[in-house]
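What follows is a short report on a single structure.
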Amino acid sequence: MRKMFFGLCVWIFVVAVAAGAPGSSVRCGKLLDVRSGQLLSDQVVTFDADGVITSVAPAGSGNASAIDLSKATCLPGLIDMHTHITGEPSHSGYGGLGISVPRQAVIGVKNARLTLRAGFTTIRNVGADGFTDVAVRDGINAGEIEGPRMRVSGPALGITGGHCDDNLLPFEYHHISEGVADGPWAARAKVREVIKYGADVIKICASGGVLSKGDLPGTPQYTLEEMQAIAEEAHKLGRKVAAHAHGTQSIKDAIRAGIDSIEHSSLIDDEGIALAKQHGTYLVFDIYNDDFILQHGAQAGMLPESIEKEKKIGRLQRENFRKAFQAGAKIAFGTDSGVYPHGDNAKQFGKMVEWGMKPLDAIQAATINAADLLGWSEKVGSLEKGRYADLIAVDGNPLTDVTVLENVKFVMKGGAVARNDFGK
Ligand SMILES: [Zn+2]
């Protein structure tokens with residue numbers, strides 16, 4: 001009898017697997033079609049057992065949905081193209097020297113969860129010590145920890161003494177960051193190395209930066225020749241390249257070298273904007289964190305020179321963001337999380353609207369545009385058949401008040417609910 005019962009269980013299990021578990025559905029009071037900008041009423045999003053959307057259609061009578069969000073507005077999961085989930089604001093100055101690489105991985109586990117629960121179901125992590133972002137990505141993909149879909153770079157490539165080196169210690173410590181590579185061939189070798197250890201994307205430092213010691217944001221670091229070598233090698237191996245570039249010249253050099261996205265873009269000029277349009281290069285402006293650096297940076301341990309540098313470029317970056325957007329350059333949403341506390345990523349939407357975008361433009365930057373830059377348009381960035389059921393929900397209308405995205409109450413990634421404050 002027991003044997004028969006066991007046999008029956010196995011049979012049921014096999015049949016269930018063969019047929020595919022039923023999947024489920026979500027009923028949305030409103031649903032934002034991010035492509036058209038239309039706010040559709042009373043829609044049902046159905047997905048299969050693999051967490052892939054099978055239909056989006058008006059709610060019919062009869063079949064009840066498993067998840068009721070009929071009082072909420074649904075959107076596709078948000079995408080942040082510039083995160084540092086293994087870092088914290090307090091790690092940028094001398095305080096960071098006491099944080100081990102294994103500890104950074106643990107910090108990444110914490111922040112991956114925070115980021116997902118804030119509504120960001122996909123992130124591109126650009127710069128992490130010791131391939132800690134690779135470990136976090138793999139832990140998420142294995143279902144061991146909670147977090148967004150991740151595309152990661154591992155250590156950022158940069159010149160000796162540049163923004164992506166660590167210049168805090170004197171010579172006798174002989175401390176060099178893992179991503180340092182000078183010259184076209186050394187840079188090519190470094191591209192191969194980070195790919196060997198798990199990089200999905202290559203991050204480089206084209207110009208100086210704010211949170212580094214002894215350099216200036218406007219000063220070029222990698223040369224055109226070095227960046228051409230990096231872009232060619234990365235593209236050959238099927239990876240895109242994101243270049244940290246505040247400086248006017250470095251932005252243009254990076255675009256001409258064939259880099260795929262310009263990060264920060266602070267001092268871009270008219271020629272740079274025209275070049276970005278001509279090459280189809282995405283611009284990523286992290287225009288929220290200026291507020292955090294100026295208000296809390298000193299307390300977090302950021303160097304006095306970093307605060308001074310931010311004072312000089314923060315406002316210019318916002319003005320140039322407006323200019324680039326109005327000129328029609330492609331813009332993807334990226335925040336530099338880790339410079340400010342993780343989970344506050346959506347605070348940038350309000351800034352983008354304050355500096356010239358309509359709410360829909362800002363939402364598109366964090367959905368369809370970001371998906372395009374990732375090369376993942378068929379997977380994420382919209383609620384359409386064939387995409388992952390990555391869905392968030394908020395109270396209110398994000399098209400009239402984009403700051404409602406700072407209070408995401410429901411998060412689902414690939415059909416699995418990560419947060420549901422509506423159900424409480
Ligand atoms: Zn960054």
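No value in this document is a laboratory result; all are computed from the given coordinates. Just so you know, these numbers come straight off a predicted model, no measurement behind them. Cβ atoms come from the backbone with ideal geometry, glycine included; neighbour counts cover every protein chain shown.
Considering only alpha-carbon pairs that sit under 8 angstrom and 6 or more positions apart, the relative contact order computed for segment 217-301 is 25 percent. Dimensions of the chain along the principal axes, based on C-alpha atoms and rounded to the nearest Å, stand at 75, 53, 42, largest first.
Summing charges over neighbours of Arg239, with a neighbour being any other residue whose Cβ is under 15 Å away from its Cβ, gives +4 when K and R count +1 and D and E count -1.
Per residue, the average separation of C-alpha pairs within less than 8 Å and at least 6 apart gives the chain a relative contact order of 19 percent. No solvent, one uniform scatterer per C-alpha: report log10 I(q)/I(0) for segment 343-424 via the Debye equation at q = 0.23 1/Å, two decimals. Those come out to -1.22, one per q. Between the alpha-carbon centres of segment 337-354 and segment 306-322 there is a gap of 15 Å.
Taking 37 °C and 0.692 mPa s as conditions, segment 196-273 diffuses translationally at an estimated 265 µm²/s according to Stokes-Einstein applied to its Kirkwood radius (Cα pairs). Quick one: Debye curve from the alpha-carbon atoms of segment 29-121 only, equal weights, vacuum; give me log10 I(q)/I(0) at q = 0.13, 0.20, 0.25 Å⁻¹ to two decimals. Ignoring solvent entirely, the Cα scatterers give -0.64, -1.01, -1.33.
When you filter the GluC sites (Glu not before Pro) in segment 133-207 for DSSP loop state and at most 13 other Cβ atoms inside 10 Å of their Cβ, you are left with Glu144.
Just check segment 273-424 against the gyration tensor rule for me: Cα atoms, a ≥ b ≥ c as the square roots of the eigenvalues, rounded for a/c under 1.5, and otherwise prolate or oblate depending on whether a/b exceeds b/c. Taking the square roots of the gyration eigenvalues as a ≥ b ≥ c, segment 273-424 is oblate.
Within the shell of other residues whose beta carbon sits under 13 angstrom from the beta carbon of Gly154, the net charge comes to +2, with Lys and Arg scored +1 and Asp and Glu -1. With 20 Å as the limit, the listed pairs Lys236/Lys277; Lys240/Lys277; Lys240/Lys358 have Lys236/Lys277; Lys240/Lys358 beyond it between alpha carbons.
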